[in-house]
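The block underneath contains the structure these notes are about, expressed in structure tokens.
The values are calculated or read from the model by the stated rules, or taken from the named source; none is laboratory data. All values derive from a computational prediction rather than experimental measurement. Glycine gets a Cβ as well: all are built from the backbone with ideal geometry, and neighbour counts include every protein chain shown. All accessible areas refer to the heavy atoms of the entire protein, side chains included, with ligands and DNA or RNA removed. Shrake-Rupley method; radii C 1.70, N 1.55, O 1.52, S 1.80 Å.
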Amino acid sequence: MATTEEEQVSATAASPLAKSAAAGQGGSAAEHGWTTNGLPLGHGSVVGEPMGRAQWDSGICDCLGRNDEFCSSDLEVCLLGSVAPCVLYGSNAERLGSSPGTFANHCLPYTGLYLIGNSVFGWNCLAPWFSYPNRTAMRRRFNLEGSCEAVNRSCGCIGSCIEDEFQLEQCETACDFSTHVFCHPCALCQEGREIRRRVPHPGFKPQPMLVMLPPGYQTMARQP
């Protein structure tokens, strides 16, 4: 009887190791999800439920934005994307990095690549190589829907071609690059509209305000 109990305890203790070893051998075939910060997760979410990706707040062709409280900001984004894309890209990177000083580190290299591409090749073909990782980082951070998922949601023609989440992420990264190459100003504007609705400017530091209310109306009662 004692031997049987020891065997059961040994089997119970060894089962997690066996499961982990089996998972290590068949890890490539297992399904993986992506958390909001872009890290792979085996079961989709912490509570075991699949995580649905959110759609972008505006489409890539909605250059003038939406008629809401961010309307003036959307018009500013559209103007910067048309006239000074280097400023818009630096502003997007600064908000995404949430640290002051990031603007110059992204705006200046982008400006150099922009000038070289337009002067040598006649169009802005170099800056998208530098700016497209910003779109990928934003999509992972806010758990946004990618181009492949949007097409699959619309017509359902890509789901059978993609095997797992890692292959899907590779396709989405390639789509991010293609979006910046062929629709570069529109991609910058879409990212600018999205991040202004989600992240405040890192230089904005609201100060606490002390509000003092006047005392209520008081009356003095006459003593008898």
(request) Sort out which residues of segment 122-138 are touching a helix residue (DSSP H, G or I) at 6+ places or on another chain (Cβ under 7 Å) and part of a helix (DSSP H, G or I), and write them in order of number. (result) A127, P128, F130, S131, Y132, N134, R135, T136, A137, M138
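Does S82 qualify as being touching a residue at least 12 places away in the same chain (Cβ under 8 Å) and farther than 14 Å from E194 by Cβ?
Numbers: touching a residue at least 12 places away in the same chain (Cβ under 8 Å): yes; farther than 14 Å from E194 by Cβ: yes.
So S82 fits the description; yes.
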(message) Six or more apart or on different chains, Cβ atoms under 7 Å: show the pairs whose first residue is in segment 129-152 and under 20 Å from P85 (Cβ atoms) and in contact (Cβ under 8 Å) with a residue 40 or more places away in the chain and whose second is open to solvent by less than 20 Å² (accessible area, probe 1.4 Å) and part of a loop (DSSP other than H, G, I, E, B).
(response) none
(message) Of the residues G117, G122, only one is of a type in the set (G, A, S) and surrounded by fewer than 16 Cβ atoms within 10 Å (Cβ to Cβ); which?
(response) G122
(message) Suppose we filter segment 70-109 for residues that are under 15 Å from A127 (Cβ atoms) and not in a helix (DSSP H, G or I); how many remain?
(response) 1
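The rows are residues; the columns are (1) open to solvent by less than 60 Å² (accessible area, probe 1.4 Å); (2) more than 24 Å from S82 (Cα to Cα); (3) over 19 Å from the mean Cα position of the chain (by Cα).
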| residue | (1), (2), (3) |
| --- | --- |
| C155 | no, yes, yes |
| I162 | yes, yes, yes |
| F166 | no, yes, no |
| C171 | yes, yes, no |
| S178 | yes, no, no |
| H184 | yes, no, no |
(message) Among the numbered criteria (1) surrounded by 19 or more Cβ atoms within 10 Å (Cβ to Cβ); (2) in contact with a Cys (Cβ under 9 Å, 6 or more places away or on another chain); (3) aliphatic (A, V, I, L, M), which one does V151 miss?
(response) (1)
(request) Specify which of the listed residues (P109, P133, P128) is open to solvent by less than 40 Å² (accessible area, probe 1.4 Å) and out of contact with any strand residue (DSSP E or B) (no Cβ under 8 Å at 6 or more places or on another chain). (result) P128
(message) For the condition at pLDDT 90 or above, crowded, with 17+ Cβ neighbours inside 10 Å and farther than 20 Å from S73 by Cβ, what is the one hit in R139, R193?
(response) R139
